[in-house]
Amino acid sequence: MSRSKIINIDNLSLQNILDEEAELIPLMTPEDEEEIRKEDVPETLPILPLRNTVLFPGVVIPITAGRDQSIKLLKEANKGNKTIGVVAQKNEATEDPGLEDIYQIGTVARILKILKMPDGNTMVVLQGKKRFEIDQLIEEKPYLKAKVKEIVETLPEKNDTEFKAIIDSIKDISLRIIKENPNLPTEAAFAIKNIQSNSFLVNFVSSNLNLTTEEKQELLNINGLKSRALATLKKMNKELQRLELSNAIQSKVREDMDQQQKEYYLHQQMKTIQEELGGVSHDEEIEEMRELATKKKWSKEIQDTFEKEIGRLQRMNPQVAEYSVQRNYLDLLLELPWEEYSTDLFDLKRAEKILDRDHYGLEKVKKRIIEHLAVLKLKGDMKSPIICLYGPPGVGKTSLGKSIAESLGRKYVRMSLGGLRDEAEIRGHRKTYIGALPGRIIQSIKKAETSNPVFVLDEIDKLSSNHSGDPSSAMLEVLDPEQNTDFYDNYLEVGYDLSKVMFIATANTLSTIPWALRDRMEIINVSGYTVEEKVEIGKRHLLPKLLREHGLDTSNLKVGKKQLEKIVTGYTRESGVRGLEKKLAEVVRFAAKSIAMDEEYNVKITNQDIESILGPSHLERDKYENNQIPGVVTGLAWTSVGGDILFIESILSKGKGTLSITGNLGKVMKESATIALEYIKANLDEFGIDYKTVIHNNLHIHVPEGATPKDGPSAGITMLTSLVSTLTQRKVKARLAMTGEITLRGKVLPVGGIKEKILAAKRANIKEIILCDENRKDVEEINEKYLKGLSFHYVKEMKEVINLALLKEKVKKPKKRVQL
């Protein structure tokens, strides 16, 4: 039971105010009660919502009115019949409660006194009369007004011995509670003994019990007086037991103060001090965890694990080292979003707009994402595919993940795998180790607060292994849709469902990814950009972003399409746009410096300005070199940063028919040169080559830029063309490049990296490209507007390559002059 507070108002106590009114005797007699029962409940009542308070019939309570609508209601009612309806709020935080925010059963109250407090608040003293139920809400403004109907209380029979026994028990237990609780005054026992009305006794005790608002409302809702008295008695018994147990524990602590009890007492004191400083006691921590657990949507297995582990925590001494480990584990269980999923957005048009807004080009990738959304929309549920975006740096693989998350309406998580060596980074450490943590997969899921985020696994090709384990093997379970429904983390020690997570891996090369891991992913090639695409990306994305980052806008700097194209072709050598962004940043910094130093500059940048800012173009040498000399052929190559062109040179010198190869070439490339020469020797007549030219001369093949290692079969037809050109002294056509593998049978085989190679050819201003006929499908996948200015020749045999590549006329040798 809680003691009523006496509120002082300018040296006048609440009790004094009540004593001024003769009819306001707190201890109601049966006659007063009978008189109240005869009163009629009005059909309509203004409704006053109360926070943390339930008013019972016959009970007098003071309340402080703070809301404007409450003050207006009280003033208007005080001028009238002084009768209002009082109900409790369901949530004390609601500032402007409506019908759905209050309980339906309340108490008719009479206003006894309204006082203006010195601090400006309004205090009102109310006395409960009868219970009522809200029938219909009539008005909401300026305050709630409703039609009500009286709830007639069911009274027990006069000779009901059981009810009399309940009343006697209530009086007896009330006196024992007052005795056990040192915070209650002895005068309260006198008040209980002098209450003559059984109904008032039950309501008075219910009102003063140490219960929550919801529990008190449950008592008010009970219709029969006998049933309410019995329910009140049960609540009192619980409170009495709690007080007796508390007093027994305190008495036991005081009996013997040996060393162990002294330490326990000091720990209790320490906890009390922590609570006073804002901390939480051990028992309160346990209770808070149990409360949080009731809101989790986890399976029975997880629930059993939680109960087992929290029971272990409850038995631990908070001062031991294992306590914090156990507490951290339980915190992880509670913080993980078990069975909590964000709702996917299936607006495919919106998704297309987001992907087109953030990424220019990449049509194949965007098409795959839209297909996934479409299937998800039709089926409603689908195991998320494991997508691997594979391509050179700077083409937007990682940023695609953010756009996909936004288009799906999911949370975005990124985890960098570059240089990851420890398997525990994926699977976590066991709790027995000092400083143990869950793996980064589980940590990221906890951070996302949802079990179906878009999860970007960046640089998956750069996973490495050492004595600490093989992280790539640990990733197999993560990325296998058949296994990741029950992913096991060493720290968590229970399975976690990752099947709804949309994993997107990124890689620069597939050669370093283990085949088992690669098999579990859908590989999507994100190839490089054309010059036109780079110009558009620079205009739409890079330049506006750089201007914002440097505190400028379009009025301070303008870069036209021609100038962007000059930067792309003259100062960048890549498939992506990272180098372009760096060069544009130099231009923007130049403008920022000029503004800061009050120097004049051209707001609209010209080609001359670009050369003065960035210096002379240093990539012109990578453009097409003329083929005026026989034996020089332009080839197309794939590199880790995109496509590139290379020049293969061959020369004839007097000798014994040997073949020399230089240029830091790999084994496969050297074999291609040997195959080309042997094929030529077997078909000398068809190429119009004299046998003596081959056996009495040495052939030397060289690929410039010897510092760069080169390997692969795609230079086969290029080497063949170079050797035939040298042996026949027929020049290669201008602006022509080629790529393809050769065989001893004279067949031309397809090669990979076609888009990157074509982009390199465009950058080098190549006009014609020779490809294997089977590579036709790769060219057809490229947007036609990016192939403008290029013509393609598709071949099946090496003879077709020679006929297309070499000019008919031989180079005329200069006549020797005779010295007279």
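The values are calculated or read from the model by the stated rules, or taken from the named source; none is laboratory data. These figures come from a predicted structure and were not determined experimentally. Heads up, the Cβs are rebuilt from the backbone with ideal geometry, glycines too, and the neighbour counts pull from every protein chain shown.
Just give me the residues in the stretch 293-310 being of a type outside the set (Lys, Arg) and assigned to a helix (DSSP H, G or I), in sequence order. First the steps, then the outcome.
Kept after step one, since they are of a type outside the set (Lys, Arg), are these residues of the stretch 293-310: 293-294, 298-299, 301-307, 309-310.
Within the stretch 293-310, ALA293, GLU301, ILE302, GLN303, ASP304, THR305, PHE306, GLU307, GLU309, ILE310 meet the criteria.
Out of (1) among the basic types (Lys, Arg); (2) touching a Ser or Thr at 6+ places or on another chain (Cβ under 7 Å); (3) assigned to a helix (DSSP H, G or I), the odd one out for LYS500 is which?
(3)
What are the residues in the stretch 676-694 that are buried (at least 17 other Cβ atoms within 10 Å of the Cβ) and in contact with a Ser or Thr (Cβ under 7 Å, 6 or more places away or on another chain), if any? Don't jump to the end; show me each part of the working.
First, the residues of the stretch 676-694 that are buried (at least 17 other Cβ atoms within 10 Å of the Cβ): 676-677, 679-680, 687, 689, 694.
Result: PHE687, ILE689.
Go through the stretch 311-339 and give me each residue that's in a loop (DSSP other than H, G, I, E, B) and surrounded by 14 or more Cβ atoms within 10 Å (Cβ to Cβ). Show your work before the answer.
The first filter runs over the stretch 311-339 and keeps only residues in a loop (DSSP other than H, G, I, E, B), leaving 316-320, 336-339.
Passing the criteria: MET316, PRO318, LEU336, PRO337, TRP338.
If a residue has to be at pLDDT below 85 and of a type outside the set (Asp, Glu) to count, how many in the stretch 703-738 make the cut? Walk me through how you get there before you give the answer.
Going through the stretch 703-738, the residues at pLDDT below 85 turn out to be 705-712.
With the extra rule that they be of a type outside the set (Asp, Glu), the set shrinks to 706-710, 712.
Selection size over the stretch 703-738: 6.
Tell me yes or no: at least one residue of the stretch 774-796 is of a type in the set (A, V, I, L, M), touching a residue at least 40 places away in the same chain (Cβ under 8 Å) and crowded, with 23+ Cβ neighbours inside 10 Å. Lay out the reasoning, then the answer.
If we filter the stretch 774-796 for residues that are of a type in the set (A, V, I, L, M), which is where we start, we get 779, 782, 787, 790, 795.
Cutting the leftovers down to touching a residue at least 40 places away in the same chain (Cβ under 8 Å) gives us 795.
When the remaining residues are screened for being crowded, with 23+ Cβ neighbours inside 10 Å, the result is none.
No, the conditions are met nowhere in the stretch 774-796.
Identify, from the list PHE163, PHE204, PHE190, PHE200, the residue that is touching a Gly at 6+ places or on another chain (Cβ under 6 Å) and modelled with pLDDT under 90.
Details: PHE163 fails: touching a Gly at 6+ places or on another chain (Cβ under 6 Å); PHE204 fails: touching a Gly at 6+ places or on another chain (Cβ under 6 Å); PHE190 fails: touching a Gly at 6+ places or on another chain (Cβ under 6 Å).
On inspection, the qualifying residue turns out to be PHE200.
What is the number of the single condition among (1) modelled with pLDDT under 90; (2) surrounded by fewer than 20 Cβ atoms within 10 Å (Cβ to Cβ) that HIS700 does not meet?
Here HIS700 clears every test but (1).
Could you tell me whether GLY391 is farther than 18 Å from LYS500 by Cα, touching an Asp or Glu at 6+ places or on another chain (Cβ under 9 Å) and assigned by TED's automatic domain parsing to the domain that holds LEU437? I'd like the intermediate steps shown before the answer.
Working: farther than 18 Å from LYS500 by Cα: yes; touching an Asp or Glu at 6+ places or on another chain (Cβ under 9 Å): yes; assigned by TED's automatic domain parsing to the domain that holds LEU437: yes.
Considered against the rule, which asks whether it is farther than 18 Å from LYS500 by Cα, touching an Asp or Glu at 6+ places or on another chain (Cβ under 9 Å) and assigned by TED's automatic domain parsing to the domain that holds LEU437, GLY391 comes out as yes.
Which one of the conditions (1) under 18 Å from the mean Cα position of the chain (by Cα); (2) closer than 28 Å to ARG350 by Cα; (3) surrounded by 19 or more Cβ atoms within 10 Å (Cβ to Cβ) does SER399 fail to meet, given that it meets all the rest?
Looking at each condition in turn, SER399 falls short on (3).
For the condition of a type in the set (D, E, K, R), surrounded by 15 or more Cβ atoms within 10 Å (Cβ to Cβ), over 27 Å from GLY576 (Cβ atoms) and over 20 Å from the mean Cα position of the chain (by Cα), what is the one hit in GLU352, GLU423?
Details: GLU352 fails: over 27 Å from GLY576 (Cβ atoms).
Exactly one of GLU352, GLU423 is of a type in the set (D, E, K, R), surrounded by 15 or more Cβ atoms within 10 Å (Cβ to Cβ), over 27 Å from GLY576 (Cβ atoms) and over 20 Å from the mean Cα position of the chain (by Cα), namely GLU423.
Can you go through VAL724, VAL732 and tell me which one is in contact (Cβ under 8 Å) with a residue 40 or more places away in the chain, crowded, with 21+ Cβ neighbours inside 10 Å, closer than 15 Å to GLU797 by Cα and over 54 Å from the mean Cα position of the chain (by Cα)? Step through it out loud before you land on a result.
Working: VAL732 fails: closer than 15 Å to GLU797 by Cα.
The unique qualifying residue is VAL724.
Taking interchain pairs and intrachain pairs at least six residues apart, which have beta carbon atoms under 7 angstrom, with the first residue in the stretch 575-589 and in the same structural domain as GLN608 (by TED's automatic domain parsing) and in contact (Cβ under 8 Å) with a residue 40 or more places away in the chain and the second part of a helix (DSSP H, G or I) and of a type in the set (D, E, K, R)?
Pairs found: SER575/GLU756; VAL577/LYS534; LEU580/LYS534.
Within the stretch 375-394, identify whether any single residue is assigned to a helix (DSSP H, G or I), basic (Lys, Arg) and within 24 Å of GLN483 (Cβ to Cβ), and answer yes or no. Steps first, answer last, please.
Narrowing the stretch 375-394 to residues assigned to a helix (DSSP H, G or I): 375-379.
So of that shortlist, the ones also basic (Lys, Arg) come out as 377, 379.
Narrowing the set further to residues that are within 24 Å of GLN483 (Cβ to Cβ) leaves 379.
Within the stretch 375-394, one or more residues are assigned to a helix (DSSP H, G or I), basic (Lys, Arg) and within 24 Å of GLN483 (Cβ to Cβ).
Give the residue, chosen from LEU547, LEU564, that is surrounded by 22 or more Cβ atoms within 10 Å (Cβ to Cβ) and either of a type in the set (D, E, K, R) or in a helix (DSSP H, G or I) (or both). It would help to see each step written out before you state the result.
Details: LEU547 fails: surrounded by 22 or more Cβ atoms within 10 Å (Cβ to Cβ).
The unique qualifying residue is LEU564.
Yes or no: the stretch 643-659 includes at least one residue that is part of a loop (DSSP other than H, G, I, E, B) and closer than 26 Å to LYS796 by Cβ. Reasoning before the result, please.
As a first pass, look at the stretch 643-659 and keep what is part of a loop (DSSP other than H, G, I, E, B): 655-658.
Pick out the ones that are also closer than 26 Å to LYS796 by Cβ and you get none.
No: the stretch 643-659 contains no residue that is part of a loop (DSSP other than H, G, I, E, B) and closer than 26 Å to LYS796 by Cβ.
Looking at the stretch 575-583, is at least one residue in a loop (DSSP other than H, G, I, E, B) and under 30 Å from SER465 (Cα atoms)?
Going through the stretch 575-583, the residues in a loop (DSSP other than H, G, I, E, B) turn out to be 575-577.
Now restrict to residues that are under 30 Å from SER465 (Cα atoms): 575-576.
Yes: one or more hits.
Which residue is modelled with the highest pLDDT, if the candidates are limited to the stretch 515-527 and must be surrounded by 16 or more Cβ atoms within 10 Å (Cβ to Cβ) and in contact with a Ser or Thr (Cβ under 9 Å, 6 or more places away or on another chain)? Give the steps one after another, and end with the answer.
Quick first cut of the stretch 515-527, residues surrounded by 16 or more Cβ atoms within 10 Å (Cβ to Cβ) only: 517-518, 520-521, 524-527.
Within this subset, residues satisfying the condition of being in contact with a Ser or Thr (Cβ under 9 Å, 6 or more places away or on another chain) are 517, 526-527.
Values: LEU517: 85, VAL526: 81, SER527: 75.
By that ranking, first place goes to LEU517.
Give me the residue from the stretch 739-767 that is among the polar types (S, T, N, Q) and out of contact with any Gly (no Cβ under 7 Å at 6 or more places or on another chain) and, out of that set, modelled with the lowest pLDDT. Write out each step before concluding.
Pass one, the stretch 739-767, residues among the polar types (S, T, N, Q): 739, 743, 765.
Right, trim to out of contact with any Gly (no Cβ under 7 Å at 6 or more places or on another chain) and you get 743, 765.
On the way: THR743: 92, ASN765: 83.
Result: ASN765.
Please go through the stretch 180-203 and pick out each residue that is hydrophobic (A, V, I, L, M, F, W, C) and touching an Asp or Glu at 6+ places or on another chain (Cβ under 9 Å).
Let us first name the residues in the stretch 180-203 that are hydrophobic (A, V, I, L, M, F, W, C), namely 184, 188-192, 195, 200-202.
PHE200, the sole residue that qualifies.
Which members of the stretch 768-788 meet the condition of being outside any helix (DSSP H, G or I) and at pLDDT 85 or above?
Taking the stretch 768-788 and keeping what is outside any helix (DSSP H, G or I), we get 768-772, 781-783, 788.
Those that are outside any helix (DSSP H, G or I) and at pLDDT 85 or above: GLU768, ILE769, ILE770, LEU771, CYS772.
Filter the stretch 211-231 for residues that are loosely packed, with under 15 Cβ neighbours inside 10 Å and assigned to a loop (DSSP other than H, G, I, E, B); which is farthest from the chain's Cα centre (by Cα)?
ASN223
Hey, which of the helices (runs of 4 or more DSSP H) in the stretch 422-494, taking only ones fully inside, have at least 3 residues that are modelled with pLDDT under 85 and more than 29 Å from GLU322 (Cα to Cα)? Full working, then the answer.
Details: elements: 424-427, 440-448, 471-478.
Qualifying helices (runs of 4 or more DSSP H): 471-478.
Looking at the stretch 340-374, which of its residues are outside any helix (DSSP H, G or I) and either at pLDDT below 85 or farther than 30 Å from ASP283 by Cβ (or both)?
From the stretch 340-374, those outside any helix (DSSP H, G or I) are 340-347, 359-362; that's our starting set.
Those that are outside any helix (DSSP H, G or I) and either at pLDDT below 85 or farther than 30 Å from ASP283 by Cβ (or both): TYR341, SER342, THR343, ASP344, LEU345, PHE346, ASP347, HIS359, TYR360, GLY361, LEU362.
Between a first residue in the stretch 173-195 that is within 13 Å of ASN237 (Cα to Cα) and a second residue that is surrounded by fewer than 14 Cβ atoms within 10 Å (Cβ to Cβ) and among the charged types (D, E, K, R), which pairs have beta carbons less than 9 Å apart while being 6 or more apart in sequence or on different chains?
If the second residue must be surrounded by fewer than 14 Cβ atoms within 10 Å (Cβ to Cβ) and among the charged types (D, E, K, R), the pairs left are LEU175/LYS193; ARG176/GLU244; GLU180/GLU244.
Take the residues in the stretch 228-251 that are among the small types (Gly, Ala, Ser) and free of Cβ contacts under 8 Å to residues at least 24 places away in the same chain, then tell me which one is farthest from PHE56 (Cα to Cα). Full working, then the answer.
Pass one, the stretch 228-251, residues among the small types (Gly, Ala, Ser): 229, 231, 246, 248, 251.
Pick out the ones that are also free of Cβ contacts under 8 Å to residues at least 24 places away in the same chain and you get 231, 246, 248, 251.
Values: ALA231: 15, SER246: 29, ALA248: 33, SER251: 36 Å.
Result: SER251.
Return a yes/no flag: does the stretch 733-742 have any residue that is out of contact with any helix residue (DSSP H, G or I) (no Cβ under 8 Å at 6 or more places or on another chain) and of a type in the set (S, T, N, Q).
Taking the stretch 733-742 as the starting set, the residues that turn out to be out of contact with any helix residue (DSSP H, G or I) (no Cβ under 8 Å at 6 or more places or on another chain) are 734-735.
Filter once more, so that each one left must be of a type in the set (S, T, N, Q): none.
Checked the stretch 733-742: no residue is out of contact with any helix residue (DSSP H, G or I) (no Cβ under 8 Å at 6 or more places or on another chain) and of a type in the set (S, T, N, Q).
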